[in-house]
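**Student:** Dropping a structure here in structure tokens format, bear with me for questions.
Since every read-out is calculated from the coordinates, none of them should be taken as a lab result. Since the structure is predicted, the reported quantities are computational estimates derived from the model, not experimental observations. When we count neighbours, we look across all protein chains shown, and the Cβ atoms used for this are built from the backbone with ideal geometry, even at glycine.
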Amino acid sequence: MTVMHATDLPASDLLTDPLALPILRTQPFMPPAFYAQLRAREPVKRVMLAGGGTAWLVARHVDVRTALKDPRLSSDSRKPGFPEPQDADHTPFLIEMDAPEHTRLRRMLAAEFSPSRLAALQADIQADADRLIAAMLARGNSADLVADYALPIPSLTICHLLGIPEADMAFFHEKVAVAFSLSEDKGAAFGTVMAYFEDLVTAKEKAPGDGLIDRLVVERVRTGELSHDDLVRLAFILMMAGFETTATMIALGVATLFQYPDQLALFRAEHALTDGAVEELLRFHSIGDSDGLRVAVADTEIGGQKIRTGEGVIPLVWSANRDEAAFERPDHLDIRRDSRGQLAFGYGVHQCIGLNLARVEMRLALRTLFDRIPTLRLAVPVAELPFRYDAEVFGLKNLPVRW
């Protein structure tokens with residue numbers, strides 16, 4: 001049987017062929033047509049998976065939110081029936097854990113993402129944005145906003161937060177991009193980054209400095225609350241999730257505002273709309289579409305459909321955030337919209353712990369960019385931008401601009 005990506009199916013087809021994960025995009029601003037069809041006709045649908053087995057697709061906002069917070073749906077990829085299973089001897093990362101282990105480790109990180117900590121980081125983020133823009137302006141009248149701006153801002157922030165040398169940023173940019181790709185080299189890149197953190201944590205255990213990893217060494221590892229291996233995995237997942245997705249959203253945010261010039265004009269004119277614009281852009285793109293994979297560890301019900309123990313569940317976040325029942329004219333970008341119910345960061349106990357840091361980075365990056373360079377424009381039409389359709393995290397390979 002031919003395996004097709006869901007986005008390649010005809011609009012009239014409700015997944016008659018096995019579904020490949022991740023669900024790849026074929027358009028930058030519009031979800032696949034079958035999402036709307038699912039919401040209207042079969043919002044909780046059982047599908048065959050390309051890797052074998054079956055799972056339930058969940059398409060409506062109210063049902064996706066229910067699925068993401070239901071404790072009877074496990075995030076543990078080792079459990080039978082998980083949509084993308086791992087081997088039984090796989091050591092889970094934080095996002096793959098259930099309570100109580102997930103709760104214990106997450107609490108250790110909570111203070112690092114508190115409002116007071118974010119307030120302290122905000123001045124550094126603003127300084128980085130100002131410095132990067134000054135460097136772009138000094139080099140001439142054009143730039144690649146991915147390499148020159150969107151990627152460095154969250155990279156510098158996560159390095160400062162974790163206590164990672166800035167000199168290692170280029171290493172992470174290269175390896176994490178490969179690890180999030182669908183290439184044959186992704187496994188090797190994953191292993192290389194893990195080996196880096198093994199060495200870094202070992203060094204910090206001998207001589208702690210000033211960073212999140214260092215504080216966890218002193219406060220948790222030395223007290224026996226956290227093992228060396230646990231800290232390596234925590235550091236790894238915080239780095240992996242801490243800059244790539246935010247960098248992607250900064251670049252996509254710029255491209256999207258240019259795609260909607262009326263919204264860009266509003267954004268430029270009204271600073272009070274900045275927070276709302278960030279929330280709307282997150283809703284509009286929802287780049288972690290099927291990150292919240294689950295498997296039922298007890299019988300439950302979603303949208304009137306019984307989900308039995310051992311059955312996989314795939315909450316479609318992008319579909320939820322484009323649900324007509326939750327957002328008026330959901331396929332239209334509207335930075336005046338109240339988008340606070342959007343699920344781009346997930347929902348429930350597994351909601352992204354760094355969501356407020358990402359919001360701060362996006363807000364400062366976008367506002368500073370358009371304020372400092374009022375004549376900013378794309379160097380090529382939106383249709384010619386090199387979107388990453390072949391990666392687990394959708395985004396842009398580069399973003400050429402002029403002023």
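**Student:** Exactly which trypsin sites (Lys or Arg not before Pro) in the range 295-393 are in a DSSP loop and have at most 13 other Cβ atoms within 10 Å?
**Tutor:** Sparse-neighbourhood loop trypsin sites (Lys or Arg not before Pro): Arg308, Arg336, Arg340.
**Student:** To the nearest 20 debye, what is the magnitude of the charge dipole of the range 128-182 about its Cα centre, counting +1 on the Cβ of each Lys and Arg and -1 on the Cβ of each Asp and Glu?
**Tutor:** 40 debye
**Student:** Also: Calculate the all-directions average of the projected area of the range 314-382's alpha-carbon convex hull, and give it in nm².
**Tutor:** 6.9 nm²
**Student:** What percent do you get for the relative contact order of the chain when only Cα pairs under 8 Å and 6+ apart count? If you can, show how the numbers build up before the last one.
**Tutor:** Values: 632 pairs, mean separation 99.2, N = 403.
Relative contact order for the chain comes out at 25 percent.
**Student:** Of the listed peptides 94-105, 115-126, what is their order by residue-averaged count of other C-beta atoms within 10 Å, with the highest listed first? Don't skip to the end; give the middle numbers.
**Tutor:** On the way: 94-105: 15.7, 115-126: 13.7.
Going by the mean number of other Cβ atoms within 10 Å, highest first, we get 94-105, 115-126.
**Student:** Under 18 Å from the Cα of Lys397, which aspartates and glutamates turn up, not counting those fewer than eight places away in the same chain?
**Tutor:** Within the straight-line limit of under 18 Å, Lys397 reaches these aspartates and glutamates: Asp144, Asp148, Glu174, Asp185, Glu244, Glu384.
**Student:** What's the whole-number percent of alpha carbon pairs in the range 57-200 lying beyond 25 angstrom?
**Tutor:** Counting every Cα pair in the range 57-200, those more than 25 Å apart make up 51 percent.
**Student:** To the nearest 20 Debye, how big is the dipole of the range 196-338 about its Cα centre, given +1 on the beta carbon of each Lys and Arg and -1 on that of each Asp and Glu?
**Tutor:** 140 debye
**Student:** Here is a follow-up. Once the Cα atoms of the chain are picked out, what are the Rg and Dmax in Å?
**Tutor:** Gyration radius and largest Cα-Cα distance of the chain: 21.0, 61 Å.
**Student:** When we measure straight from the Cα of Lys206, which lysines land under 30 angstrom away, once same-chain ones fewer than 8 places off are left out?
**Tutor:** Of all the lysines, those that pass the test against Lys206 - Cα under 30 Å, at least 8 places apart if same chain - are Lys175.
**Student:** Assign unit charges at the C-beta atoms only (+1 for Lys and Arg, -1 for Asp and Glu), then state the dipole size of the range 6-402 relative to its Cα centre in Debye, rounded to the nearest 20.
**Tutor:** 760 debye
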